[in-house]
């Protein structure tokens, strides 16, 4: 009897533990998303808020049904027919993809060196990776302005060493945007890679060396495949926020830097076109979430087939 009671209480406690994150997501993700999704079908209006809602439960069923007959995808159609938004989406995906690849190239050797370092050194190395998070993200981006601008520290150092005669034009270019994204999101790549590499069984590499496998071949056939979960997690953690990045392109990029986060801000605050900006946000979320869900489902089916 007591065992059944403990089983029932354990089940209820477990259900509560699982329910809490779902309630958190419902309150702080799903509910705001539904509000934005609703606004994306509204019409622009000179009012406060600056839109005329299509659905309003407080107007009664008859009024809501009458407005529902006017339901249209005009805001979404406008985004796909306007070249500005199409180029903003494409350039955002391009910048995020290239940045993720460069962060992986830089972060993998760092994580590999940390995982192969003596155990007494690993906590300190891990602390050095996390240390930038102790400073405000905005301050760190502003610091890069002082480094990359025409009279900045980088040009001053290169000129004083005689490496260059004229200052380099880096600030307000796409190069500065890439530098800012790589610097800001590098820890998000290093940490999951380090977690995957640190728990790898080194005896596999020793066995490969005993069988005459060269170190480079052993890396590509043993180390890298075993670290793929860390690679995938790191790429997701870098790519997803980089697509919608606003601060770095706004502060380090020039006037020709066209990314969807910056376009979204301009539509929302400068043009005060909330319906279109909401549609921009919904499409951006769909571009990010749908491929991830499809990838996870394919990976889950592959794991089930292996079993």
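Descriptive notes on the structure:
- With 0.36 nm allotted per residue and the present C-alpha distance subtracted, the residue 294-residue 124 stretch has 57.4 nm of extension available.
- Between residue 221 and residue 16, the FRET efficiency estimated from the beta carbon spacing at R0 = 45 angstrom works out to 0.50.
- Cα gyration tensor shape of region 151-264, rounded if a/c is under 1.5, else prolate or oblate by comparing a/b with b/c: oblate
- Considering only 160, 136, 15, the Gaussian network model of the chain with Cα springs below 10 Å gives its largest mean-square fluctuation to 15.
- For the chain, the normalised intensity computed at q = 0.14 Å⁻¹ comes to -1.23 (log10 of I(q)/I(0), Debye sum over alpha carbons, equal scatterers, no solvent).
- Spacing of the two label points (7 Å from each Cα toward its C-beta) at residue 156 and residue 44, in nm: 4.5 nm
Since every read-out is calculated from the coordinates, none of them should be taken as a lab result. Bear in mind that the values here come from a model prediction, so they are computed numbers and not experimental data. Note: ideal-geometry Cβ built from the backbone for every residue, glycine included; neighbour counts use all protein chains shown.
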